[in-house]
Amino acid sequence: MSVLVHLSEYPATWIAATGLVYLLASRLYHRADCFPLLNPVLISVLLLIGLLKISGVSYATYFNGARPIHLLLGPATVALGIPLYLNLAKMKQYFIPLSIALLIGSVVGVISVLLIGSALGLSWVTILSFAPKSCTTPIAMALSQEHGGLPALTANAVIVAGVGGSALALPLFRWFKIKHEVAQGFALGLASHGVGTARAFQISDTAGAFAGLAMGFNGVVTALLLPFVLSLWMYL
C-alpha cells in the first residue's frame with residue numbers, strides 16, 4: 001500500500017496505470033466476443049475506481065498525473081477527419097437527411113434530459129449537468145460549466161451515455177431493421193459520441209466515419225442550441 005502511495009507522486013505512474021488497465025479491459029472485451037456490458041471504457045473506469053479506492057489516492061491526484069491522456073482527446077477527435085475525407089462523396093450524397101437527423105437528434109438529446117429529469121424530481125443543477133451528455137467529453141464539460149452544471153457529474157453522464165448507447169445499438173438496429181451503415185454510424189456518433197464512434201468502427205470504416213461526423217457536428221450544434229432550449233424551457 002505504501003508503495004502505491006509513493007508511486008502516486010510520479011505523474012508517469014497514472015499514465016502507465018491507465019494504459020495497462022485499458023489494455024486489460026480491451027483484451028477481456030474481445031475474449032468475451034465483444035459482449036456489450038464488458039465495454040473497455042466501462043471496465044477501465046471500474047478498475048481505476050477500485051485501484052484509487054484501494055490505494056487511497058484522490059481523483060485529483062490521479063487526474064493531474066493522467067492529464068496528458070486527457071489532452072489527447074482533442075487531437076484524437078481531429079484525427080477522425082481522415083476517414084471522413086475518404087467518405088467525402090457519401091457525405092455529399094446524404095447531406096440533407098443527415099442534417100435533418102443531426103438537428104432532431106441534438107434537440108431530442110437535450111429535451112429528453114429536461115423531461116425525464118423533471119419527472120424524476122432531479123435538481124436543476126443535476127439536469128444541467130446531464131443535458132450535454134451526448135457530446136464528446138471536453139465539449140460536454142465546458143457546456144455544463146458554462147450553464148451552471150457540475151463538470152465532474154457531466155463526465156460521468158457522458159460515459160454512461162457512451163457505454164449505454166454502444167451496448168444497446170446493435171440490438172436496436174436489429175429490432176428496427178436498420179441495416180444501412182451510414183444510418184448506423186451516424187446514430188451511434190450522435191447519441192454516444194466517442195465510445196459510440198469506436199463501436200461504429202467495429203461495424204465498418206464507413207459507419208465509423210459517419211459516427212465521427214455526427215460526434216463532431218453534434219458538439220457544435222448542441223453548443224449553439226443548448227442556451228436557446230434552456231431559455232425556452234425556463235420560459236415555459
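The combined condition, being touching a residue at least 60 places away in the same chain (Cβ under 8 Å) and surrounded by fewer than 20 Cβ atoms within 10 Å (Cβ to Cβ), is not fulfilled by Val125.
Residue by residue through the range 157-181, note down the ones that are part of a loop (DSSP other than H, G, I, E, B) and in contact with a helix residue (DSSP H, G or I) (Cβ under 7 Å, 6 or more places away or on another chain). Outline the logic, then answer.
Applying the first criterion (part of a loop (DSSP other than H, G, I, E, B)) to the range 157-181 yields 176-180.
Ile178, the sole residue that qualifies.
When every residue of the range 186-194 is checked against the conditions, at least one turns out to be free of Cβ contacts under 8 Å to residues at least 40 places away in the same chain, assigned by TED's automatic domain parsing to the domain that holds Leu114, surrounded by 14 or more Cβ atoms within 10 Å (Cβ to Cβ) and not small (Gly, Ala, Ser). In summary, His180 fulfils each of the numbered conditions (1) within 12 Å of the chain's Cα centre (by Cα); (2) at pLDDT 90 or above with the single exception of condition (1).
State all residues of the range 202-219 that are within 17 Å of Phe173 (Cβ to Cβ) and either in contact with a strand residue (DSSP E or B) (Cβ under 8 Å, 6 or more places away or on another chain) or surrounded by fewer than 19 Cβ atoms within 10 Å (Cβ to Cβ) (or both); if no residue qualifies, say none. Within the range 202-219, Gln202, Ile203, Ser204 qualify. In summary, helices (runs of 4 or more DSSP H) completely within the range 12-97 and bearing 2 or more residues that are at pLDDT below 85 and among the aromatic types (Phe, Trp, Tyr) occur at 59-71.
The values are calculated or read from the model by the stated rules, or taken from the named source; none is laboratory data. Please read these numbers as outputs of a predicted model, since none were measured by experiment. We place every Cβ from the backbone using ideal geometry, glycine too, and count neighbours over all the protein chains shown.
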